[in-house]
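To start, the structure itself, in structure tokens.
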Amino acid sequence: MGLASLAQNSSAKLSYTSHAQLRSASAQLRSVRRCAKLSVRAAVEEKDDVQEKGKPAVPPPVSGPSTIVRINPDAFAKGGLSVASQPKEGRDGFGNSVKQQFLPINMDYDGLNVLNVDPPIFSIKDFISEEDCGVLIQAAIMSKKLEKSATGGGAGLPADMRTSTSLALNQEVFAAQPKLRAKLDAILAKAKALVEVPSDEWDEQAAAGGKFRPPSSPGSFSFELPQIAYYKEGQHFLSHEDAFPMETAKQKGYQRRATLLLYLNDVPEGGATKFDIIDIGVQPVKGDALLFFPSFQNGIPDHRTLHTAEDAVSGQEKWVSQIWVSWGLPDAATEAEAKAAATAERMGGKEAKGYLRENNKKKGTRGFGNRTAPKDAPKGFGSKK
């Protein structure tokens with residue numbers, strides 16, 4: 001079924017020709033992006049048109065937009081909107097919008113589906129094989145080094161914020177399981193084919209040999225060490241963001257720009273990845289992957305990607321592998337830009353942080369509920385609430 005028949009809203013029906021389906025989405029993302037920018041022109045006017053040689057450009061800070069653009073619930077229930085089924089013009093237009101606001105994505109990648117328009121969330125059917133899933137799970141079990149998962153969020157978090165166990169695929173693990181490195185390299189090659197960052201922007205040495213090093217230069221990309229997480233009955237990771245707060249990101253020198261979550265087993269009940277503000281949940285399917293963007297193209301966190309790893313229910317367990325694409329923060333940002341970025345984070349994060357504070361007091365977070373976009377929000381395909 002095409003987008004034209006699926007793009008509906010409970011209060012108003014929206015219809016588009018087949019050639020305008022993803023173009024509508026790309027136009028909407030451009031409009032949202034324009035509305036979301038914070039002006040720092042007066043503070044940085046001397047740098048607007050002059051880029052220091054060898055330094056990456058520092059995009060203007062973006063405040064956190066509140067608009068949520070969903071696809072039709074019936075399409076979501078069927079696994080999302082197949083990108084391959086859309087006209088090339090539509091795919092390219094939507095892909096360009098995602099690239100400008102987040103990262104370049106291979107819109108022709110096999111099995112790519114849209115689960116949410118803004119913020120963009122994709123699923124990839126059969127991203128890794130059944131054999132790959134088994135190898136990763138066995139690597140974690142055989143290592144005997146699964147330990148309580150860290151939160152990295154500082155003091156004041158609930159004791160039961162994250163109750164899973166995790167393993168980083170590091171030098172020690174590779175030394176004990178030599179064949180694992182080749183398997184993981186093949187998976188990371190697939191990730192590079194999906195996230196189309198130019199080859200000269202990848203820092204090949206950042207995770208070489210199973211030891212993570214931050215991206216070696218501003219504007220370069222690298223994979224953090226992939227992790228494997230295990231959730232048994234009753235375990236979860238309450239509402240959290242994958243992006244670092246800006247102060248933390250500046251201290252580290254890098255920010256997480258993309259999350260690629262690999263589902264290593266089928267979980268028919270419980271254990272969903274629930275996007276709390278967007279109000280959608282993704283049920284793990286063995287071999288499938290989930291792709292979303294924790295921060296914008298300038299490193300500012302997108303608080304709309306707040307999410308929960310819901311409780312594994314009785315008789316169920318969940319195995320996942322997390323792959324993060326990190327980006328070296330440009331060091332040419334002025335003090336005025338940094339202040340504007342902090343303001344943008346506060347503006348965009350107020351609702352998300354309030355949700356996290358109120359709902360992480362108890363286990364079993366069940367979602368943010370329906371939200372309504374501003375009346376003047378730009379229109380596009382999908383259900384918008």
Subject >> Unmet requirement for Ile278, which otherwise passes all of (1) under 20 Å from Val325 (Cα atoms); (2) over 11 Å from the mean Cα position of the chain (by Cα); (3) of a type in the set (Val, Ile, Thr) >> reply: (1)
**OP:** List every residue pair whose Cβ atoms lie under 7 Å apart, where the two residues are 6 or more positions apart in sequence or sit on different chains, the first residue falls within the range 213-236 and is under 21 Å from Tyr263 (Cα atoms), and the second residue, located anywhere, is of a type in the set (Lys, Arg).
**Re:** Tyr231/Lys318; His236/Lys363
Original post:
Has the range 97-120 got at least one residue that is over 21 Å from the mean Cα position of the chain (by Cα) and in a helix (DSSP H, G or I)?
Top reply: no
Original post:
Here are Leu136, Leu157: which of them is in contact (Cβ under 8 Å) with a residue 40 or more places away in the chain and over 27 Å from Glu247 (Cα atoms)?
Top reply: Leu136
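Could you tell me how many of the residues in the range 311-322 are more than 17 Å from the chain's Cα centre (by Cα), within 22 Å of Leu291 (Cα to Cα) and open to solvent by 10 Å² or more (accessible area, probe 1.4 Å)? I'd like the intermediate steps shown before the answer.
First pass over the range 311-322, keeping only residues more than 17 Å from the chain's Cα centre (by Cα): 311-319.
Subsequent filtering for residues that are within 22 Å of Leu291 (Cα to Cα) retains 311-312, 317-319.
After this cut, where a residue has to be open to solvent by 10 Å² or more (accessible area, probe 1.4 Å) as well, the list is 311, 317, 319.
Within the range 311-322, residues that are more than 17 Å from the chain's Cα centre (by Cα), within 22 Å of Leu291 (Cα to Cα) and open to solvent by 10 Å² or more (accessible area, probe 1.4 Å) number 3.
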**OP:** Would you check if there is a residue in the range 263-277 being under 25 Å from Tyr109 (Cα atoms), modelled with pLDDT of 95 or more, in a strand (DSSP E or B) and out of contact with any His (no Cβ under 7 Å at 6 or more places or on another chain)?
**Re:** yes
Original post:
Filter the range 124-152 for residues that are in a helix (DSSP H, G or I) and among the hydrophobic types (A, V, I, L, M, F, W, C); which is farthest from Leu260 (Cα to Cα)?
Top reply: Met142
Subject >> Among (1) modelled with pLDDT of 95 or more; (2) open to solvent by less than 10 Å² (accessible area, probe 1.4 Å), the one test that Val173 misses >> reply: (1)
**OP:** Give Lys148, Lys144 a once-over and let me know the one that is out of contact with any helix residue (DSSP H, G or I) (no Cβ under 9 Å at 6 or more places or on another chain), touching a residue at least 12 places away in the same chain (Cβ under 8 Å) and either open to solvent by 10 Å² or more (accessible area, probe 1.4 Å) or more than 26 Å from Gln251 (Cα to Cα) (or both).
**Re:** Lys148
Original post:
When the range 73-90 is examined, which residues are found to be in a loop (DSSP other than H, G, I, E, B) and either within 24 Å of Gly281 (Cβ to Cβ) or at pLDDT 95 or above (or both)?
Top reply: Lys78, Gly79, Gly80
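The values are calculated or read from the model by the stated rules, or taken from the named source; none is laboratory data. Here the structure is a predicted model, which means the values were calculated and not measured. FYI the Cβ positions are ideal-geometry reconstructions off the backbone, even for glycines, and counts take in every protein chain you see. Note: areas computed on protein heavy atoms with side chains; ligands, DNA, RNA excluded. Shrake-Rupley method; radii C 1.70, N 1.55, O 1.52, S 1.80 Å.
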